[in-house]
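**Student:** My structure is below; once you've seen it, I'll send some questions.
The values are calculated or read from the model by the stated rules, or taken from the named source; none is laboratory data. Values in this document were obtained by computation on a predicted structure and should not be read as measured data. With ideal geometry, Cβ positions are generated from the backbone for all residues, glycine too; neighbour counts draw on all protein chains shown.
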Amino acid sequence: MKYDCLIIDDEKILADSTAEYFELFGIKTAAVYGADDCRRFFDGNTAGLILLDINLGDGSGFELCKELRQTTDIPILFISARESDDDKIIALNIGGDDYIQKPYSLGVLLAKVKAVSKRYCCNGMREFTDGNLTVNFETRIVNANGKNVKLTSLEFRLLSYLIENRGKVISKKELFEKVWKDKFTGDGTLNVHIRKLREAIECDPNKPEYIITVWGDGYKFADGKK
């Protein structure tokens, strides 16, 4: 079965009430209460987004995130009562997409989930395809040159944002703020990720046809192969 959101939290009452609240707003949500429950869930189900508690009764949310990242790139939002900045840094570095502090307002959490889901679905567009490159924003499957390619969570966000704004020149500053959520990210970091994307989707990364450098301004995603 396909769900919009999966909540993984050993606080059963909180997980269930959050799931019920999301359902009221049309977000099909399932709740499980530990790492083993999560593994069983994905045996026969899919989810578009995960809310993952750091402290689970049968394991660490950090370890479960790293395990999930071996097989899926769907967005993972960490939820935790812990206030350590180190936890936030670890969460983002191992593949988390955001860090949400408990106790949280259900309304604020709902808005966050909707915002992340919208971002990953490229503002409602389910798929981009031109016959050579296909990017499915729901399943996050990317196929280029007849082969499925694996992207990190950040690489997929970067590609999605470029496609969403295809044909437009996007400044480095805008990419830092919209993709990294950090206006102080360096040019070197962006250049590395652009290079990795080109290696993944271009026929010849040294002569890109999709991700075009606009010298002095930024990057542009070409609207169809040239």
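**Student:** Filter the stretch 31-83 down to residues that are of a type outside the set (Val, Ile, Thr) and touching a residue at least 60 places away in the same chain (Cβ under 8 Å) and give me whichever is surrounded by the fewest Cβ atoms within 10 Å (Cβ to Cβ). So that I can check it myself, show each step before the final result.
**Tutor:** Going residue by residue through the stretch 31-83, those that are of a type outside the set (Val, Ile, Thr) are 31, 33-45, 47-49, 51-53, 55-70, 73, 75, 77-78, 80-83.
Going one step further and asking which of them are touching a residue at least 60 places away in the same chain (Cβ under 8 Å), we end up with 48-49, 51, 69, 73, 75.
On the way: Gly48: 22, Leu49: 22, Leu51: 27, Arg69: 16, Asp73: 21, Pro75: 24.
Among those that are of a type outside the set (Val, Ile, Thr) and touching a residue at least 60 places away in the same chain (Cβ under 8 Å), it is Arg69.
**Student:** Restricting the search to the stretch 62-89, which residues are farther than 22 Å from Ala15 by Cβ and in a loop (DSSP other than H, G, I, E, B)? Talk me through it step by step, then tell me what you get.
**Tutor:** First pass over the stretch 62-89, keeping only residues farther than 22 Å from Ala15 by Cβ: 70-71, 73, 84-86, 89.
Result: Gln70, Thr71, Asp73, Ser84.
**Student:** Restricting the stretch 153-173 to residues that are under 18 Å from the mean Cα position of the chain (by Cα) and more than 22 Å from Asp130 (Cα to Cα), which is surrounded by the fewest Cβ atoms within 10 Å (Cβ to Cβ)?
**Tutor:** Just the residues of the stretch 153-173 that are under 18 Å from the mean Cα position of the chain (by Cα), to begin with: 153-165.
Subset that is more than 22 Å from Asp130 (Cα to Cα): 153-154.
Values: Ser153: 19, Leu154: 17.
That would be Leu154.
**Student:** Going by the structure shown, is Asp10 part of a helix (DSSP H, G or I) and surrounded by fewer than 20 Cβ atoms within 10 Å (Cβ to Cβ)? If you could, list the steps in order and put the result at the bottom.
**Tutor:** Details: part of a helix (DSSP H, G or I): no; surrounded by fewer than 20 Cβ atoms within 10 Å (Cβ to Cβ): yes.
The answer is no for Asp10.
**Student:** Of the conditions (1) in the same structural domain as Lys147 (by TED's automatic domain parsing); (2) under 22 Å from Thr29 (Cα atoms), Gly96 satisfies every one except a single condition; which number is it?
**Tutor:** The failed condition is (1).
**Student:** May I pose another question? For the stretch 203-224: of the residues being in contact (Cβ under 8 Å) with a residue 24 or more places away in the chain and in a loop (DSSP other than H, G, I, E, B), which is nearest to Gly131 (Cα to Cα)? Walk me through how you get there before you give the answer.
**Tutor:** Kept after step one, since they are in contact (Cβ under 8 Å) with a residue 24 or more places away in the chain, are these residues of the stretch 203-224: 203, 210-211, 214, 217-224.
Right, trim to in a loop (DSSP other than H, G, I, E, B) and you get 203, 210, 217, 222-224.
Numbers: Cys203: 13, Tyr210: 13, Asp217: 29, Ala222: 14, Asp223: 12, Gly224: 9 Å.
Out of the qualifying residues, it is Gly224.
**Student:** Answer yes or no: is there a residue in the stretch 170-190 that is on the phi > 0 side of the Ramachandran plot, at pLDDT below 95 and not charged (D, E, K, R).
**Tutor:** Let us first name the residues in the stretch 170-190 that are on the phi > 0 side of the Ramachandran plot, namely 181.
Narrowing the set further to residues that are at pLDDT below 95 leaves 181.
Retained after the next criterion (residues that are not charged (D, E, K, R)): none.
Looking for residues that are on the phi > 0 side of the Ramachandran plot, at pLDDT below 95 and not charged (D, E, K, R), one finds none in the stretch 170-190, hence no.
**Student:** When you go through (1) in contact (Cβ under 8 Å) with a residue 40 or more places away in the chain; (2) under 12 Å from the mean Cα position of the chain (by Cα); (3) under 23 Å from Leu162 (Cβ atoms); (4) not assigned by TED's automatic domain parsing to the domain that holds Ala200 one by one for Ala115, which number turns out not to apply?
**Tutor:** (1)
**Student:** Now for a separate question. If the Cβ limit is 6 Å and pairs must be 6+ apart or interchain, which residue in the stretch 160-173 that is closer than 13 Å to Ile212 by Cα pairs with which residue that is β-branched (Val, Ile, Thr)?
**Tutor:** Val169/Val214
**Student:** Now for a separate question. Given the condition touching a Gly at 6+ places or on another chain (Cβ under 7 Å), closer than 18 Å to Asp4 by Cβ and hydrophobic (A, V, I, L, M, F, W, C), answer yes or no: does some residue in the stretch 51-58 qualify?
**Tutor:** The answer is yes; a qualifying residue exists.
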